[in-house]
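Peer 1: One structure follows; several queries about it will come next.
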Amino acid sequence: MGDIAYTPFPIALGQRAHLVRNPTLLPFRSAWQGRPSDGGCVLSDAEAIGLPPGFISDISRAQNRVAVLQAAAEWLPLILGGERSSVALPHDDEHLAIHAIGGTLVISRGTTLPIATSLVGVAFRRREVVVVDDLELTDHFEAGTLLAGGLRSAIVAPMVSGGRSLGTLNLGNAEPGWFSEIDEQRISAIASLIASFMNVHDLVERERVRASTDDLTGVMARRAILEEVAAAAFGDEERPCLLFIDMDGFKAVNDTHGHRAGDEVLRVVTRRIERLLGPDDGVGRLGGDEFLVIVRHDPAGSRGRTLAEAIQASCSTPIALGSVRITPRLSIGIAAAEAPDTSADQLLLDADQALYAAKRSIGGIAQADDEIRKQAALIAIIDRDIDVALERGSLEYHYQPIRCLNTGRLLGAEALLRWRHPVYGPVPPPLLVERVEATGRVDAFTEWSLARVASDLAYVRSMLPQTGDLTFSVNLSRNQLAWDGCAASFLEACRSHGLRTTDLVAEVVESSEIQTGDAAEATLRTLAELGAAIALDDFGTGHNALGYFTRFPIHAIKFDRSLVRAMATDHKARQILRSLAAMSRELGIVTLAEGVETEEEYGLAVAAGIPHGQGWHFGRPMPLAELISLAESELAVGAGRLL
């Protein structure tokens, strides 16, 4: 049978003036589904009524519904002796679309027939086999077109599963009255088998779509987007770029406003991202508040960076949820397939490392490069070796002197963390603390740091009894303060080394965003009740500096180096610091200037009414032994007390 051009309504249907002969079908069960179908037979019964084993084998091996329908359309003319076959599938509520899947009928795309007035519509609607002995004697919608194509008889069988019509199988012949009752039984059995197989494939496809689609946002789910990355990286021509997107502070949205609000924020952010994507780009949700965008054909990452900036700008618009307005903040890591052989794993690793760098940057966007990869290698080293460093005492504290600006007396020292890695060398302290917290070592590190500083201060006093009023300050991050054992560890460190709780000063960074009512605030209040002094470090770098005076127990504030430096050139900065120092005195809060490096800055700090200071002008951070030597050389002057 050759291909026949047939327009506009092609269906290979046949001819018989009377419409339906609703035959009594052989009762059967679907061998595929293992349960009674709506009118089918087991495969052995299908063979008994003349269905070839080859047909049954073909539909059994079909991998999807299209392959099942193709097998049916190809076998129908061979089984029933027709000349042209097709299938009709639902197009919308009122039309069926004709598909010549078997290749035996060539029709224009989009050919549809009305369900209400067509032969295929009758079979579909009534869920009954329709046999037309002579198309000249029927006025159904497609009869004229079929006659013009040389057909005189037609047979149409509904494909029914689960009580609903999935479509119809259609066959036509040039001879009037061609189709017999056994043909009706055969096409009915075929249609029932096809419906059962289609239904199973539909279920499989729905499960595949469900597994590959994120229920909340509708974009690709984790597995699907990772498969897309693997496929894109495998094709040398694509050279994709990835954007790894994370929403900063999203947990606080859920905690403060509830998970429904958080879900809506995720949906809105997803829609904003989708609107900016190109036709070949893709986006998936990795889970939580993390998204991955694929930008195809972007080996340099230039389009990816432009897209990242657009996404960040679009998503920064506040989202109104009733009376609440939430402003998302996104960090985006960019990774480009710079080399033709860049693997999917390498791309994902680069994107993850770039996201980490983005979170630590000012702009919130970073693209993977050699420097970021080097930083990631260092992070891996820190994560691997930090436990051993704690056990072996490789971590240590250096101490920077704190002095009275008016008398020059040594009042105390700030403990500053140091680690010289045996391979990498000096590890930046902020990075070290960050990795301690990121890897779940907050409790062990906090216990060690408090005990070490207390031990060092006790040792200084044992060596120099005249330094009995000397205090050591230890930095505590928000996460350390939020640890429920922090206050107890502070108290135990003092007790076990014979110190008063007033001998250690707890320094908390002003920009650490401690909130009223959270665990960190509770620890601060407990420490204050125990007699510990609380100092606010880096004052002037956060967003809510003055609020700390009223919300938390603060005994001292340390003006940040940036403010101290500004006094040399900015009259307003000098006036601001004078006013803050005066206000602090009124509140009984001690002030200290950080980062005093020059004689000029020293004089300006004194003129501003700031009584205490630290910085290279007074002494750099030094090992404990050097601090002891320094204190011993100044005993004639005498030591004072900071708080």
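Where a number appears in this text, it was derived from the coordinates with a stated rule and is not lab data. Values in this document were obtained by computation on a predicted structure and should not be read as measured data. Reconstructed Cβ throughout: ideal geometry from the backbone, glycine too, with neighbour counts over all protein chains shown.
Peer 1: Given the Cα-Cα distance of Ile362 and His421 and 0.36 nm per residue of separation, how much length would full extension add, in nm? All intermediate terms of the calculation are to be shown ahead of the outcome.
Peer 2: Values: separation 59, 0.36 × 59 = 21.24 nm, distance 2.78 nm.
Contour length minus Cα-Cα distance gives 18.5 nm.
Peer 1: Still on this structure, please answer the following. Sort the following peptides by mean Cβ neighbour count (other Cβ atoms within 10 Å, averaged over residues), highest first: 315-322, 435-442.
Peer 2: The most tightly packed comes first, giving 435-442, 315-322.
Peer 1: State the extension gain, in nm to one decimal, for the chain segment bounded by Leu137 and Glu586, taking 0.36 nm per residue of separation less the distance between their alpha-carbons.
Peer 2: Numbers: separation 449, 0.36 × 449 = 161.64 nm, distance 10.70 nm.
Full extension from Leu137 to Glu586 adds 150.9 nm.
Peer 1: Starting with the highest mean, order 289-298, 487-496 by the number of other Cβ atoms within 10 Å, averaged over the residues of each peptide.
Peer 2: Working: 289-298: 22.2, 487-496: 18.3.
Ranked by mean Cβ neighbours within 10 Å, highest first: 289-298, 487-496.
Peer 1: Mean 1/r over all different Cα pairs, inverted: what Kirkwood radius does the chain give, in Å?
Peer 2: 31.2
Peer 1: Might you report the magnitude of the Cβ-based charge dipole of the stretch 362-424 about its Cα centre, with Lys and Arg at +1 and Asp and Glu at -1, to the nearest 20 debye?
Peer 2: That gives the stretch 362-424 a dipole magnitude of about 360 debye.
Peer 1: How far is helix 65-80 tilted off the main Cα axis of the chain, in degrees rounded to 10, range 0 to 90?
Peer 2: Compared with the principal axis, the helix lies near 10 degrees.
Peer 1: Same structure, new question: Between the stretch 431-450 and the stretch 549-583, what is the C-alpha centre distance in whole Å?
Peer 2: Value for the Cα centre distance between the two parts: 30 Å.
Peer 1: Here's a follow-up. Cα convex hull of the stretch 115-233: mean projected area in nm², to one decimal?
Peer 2: Working: hull surface 43.2 nm².
Reported value for the Cα convex hull: 10.8 nm².
Peer 1: Further question on the same structure: Leu277 to Arg125: FRET efficiency via 1/(1 + (r/R0)^6), r the Cβ-Cβ distance, R0 51 Å, to the nearest 0.05?
Peer 2: That gives a FRET efficiency of 0.75.
Peer 1: As an exercise, find the ratio Rg/Rh for the stretch 222-368 from alpha-carbon atoms, using the Kirkwood inverse-distance average for Rh.
Peer 2: 0.98
Peer 1: Now for a separate question. Which peptide among 185-192, 404-411, 334-341 comes first, and what is the full order, when sorted by highest mean count of other Cβ atoms within 10 Å?
Peer 2: In decreasing order of mean packing, 185-192, 404-411, 334-341 become 185-192, 334-341, 404-411.
Peer 1: While we're on this one: What does the helix-only formula give at 222 nm for the chain: each DSSP H stretch with n ≥ 4 adding -39500 (n - 2.57), the total divided by the residues, and the result rounded to the nearest 500 deg cm²/dmol?
Peer 2: -13500 deg cm²/dmol
Peer 1: Just going by the charge dipole of the chain, with Lys and Arg at +1 and Asp and Glu at -1 on Cβ, which of Leu146, Gly284, Trp178 is farthest out on the positive end?
Peer 2: Going by the charge dipole, the pick is Gly284.
Peer 1: How far is helix 222-234 tilted off the main Cα axis of the chain, in degrees rounded to 10, range 0 to 90?
Peer 2: So the inclination is approximately 80 degrees.
Peer 1: Hey, another quick one. Which of the GluC sites (Glu not before Pro) found in the stretch 116-198 are loop residues per DSSP with 15 or fewer other Cβ atoms within 10 Å of their Cβ?
Peer 2: Listed in order of number, the matching sites amount to none.
Peer 1: Multiply the residue gap between Val200 and Glu396 by 0.36 nm, knock off their C-alpha separation, and tell me the result in nm, one decimal place.
Peer 2: Values: separation 196, 0.36 × 196 = 70.56 nm, distance 6.59 nm.
Result: 64.0 nm gained on full extension.
Peer 1: Would you mind telling me the antiparallel percentage of the DSSP bridges in the chain, rounded to 5?
Peer 2: Once the DSSP bridges in the chain are tallied, antiparallel ones form about 70 percent.
Peer 1: While we're on this one: For the pair Asn406 and His571, what calculated FRET efficiency results from E = 1/(1 + (r/R0)^6), where r is the Cβ-Cβ distance and R0 = 30 Å, to the nearest 0.05? It would help to have the intermediate numbers written out before the result.
Peer 2: On the way: r = 23 Å, r/R0 = 0.78.
After rounding, the FRET efficiency stands at 0.80.
Peer 1: Quick check for me: using +1 on Lys/Arg Cβ and -1 on Asp/Glu Cβ, what's the dipole size of the chain about its Cα centre, in debye to the nearest 20?
Peer 2: The dipole of the chain has a size of about 1240 debye.
Peer 1: If you don't mind, another one. With viscosity set to 0.692 mPa s at 37 °C, what whole-number translational diffusion coefficient in µm²/s follows for the stretch 306-432 from Stokes-Einstein and a Kirkwood radius over Cα pairs?
Peer 2: 179
Peer 1: For the chain, take the longest principal axis of its alpha carbons; what is the angle in degrees between that and the long axis of helix 429-438, to the nearest 10 within 0 to 90?
Peer 2: The answer is roughly 50 degrees.
Peer 1: Report the Cα centroid-to-centroid distance between the stretch 305-374 and the stretch 135-179 in angstrom, as an integer.
Peer 2: 58
Peer 1: Considering the options Gln575, Ile245, Ala233, tell which one lies farthest towards the positive end of the dipole of the chain, charges being +1 on Lys and Arg and -1 on Asp and Glu at the Cβ, about the Cα centre.
Peer 2: Of the candidates, Gln575 comes out farthest on the positive side.
Peer 1: In nm, to one decimal, how far is the Ala230 label point from the Thr112 one, both placed 7 Å along Cα→Cβ?
Peer 2: For the pair Ala230/Thr112, the computed spacing is 3.9 nm.
Peer 1: Kindly state, to the nearest 0.05, the FRET efficiency for Ser314 paired with Ser180, given R0 = 56 Å and r defined as their beta-carbon distance. List each step's numbers first, then the result.
Peer 2: Details: r = 66 Å, r/R0 = 1.18.
My answer for the efficiency is 0.25.
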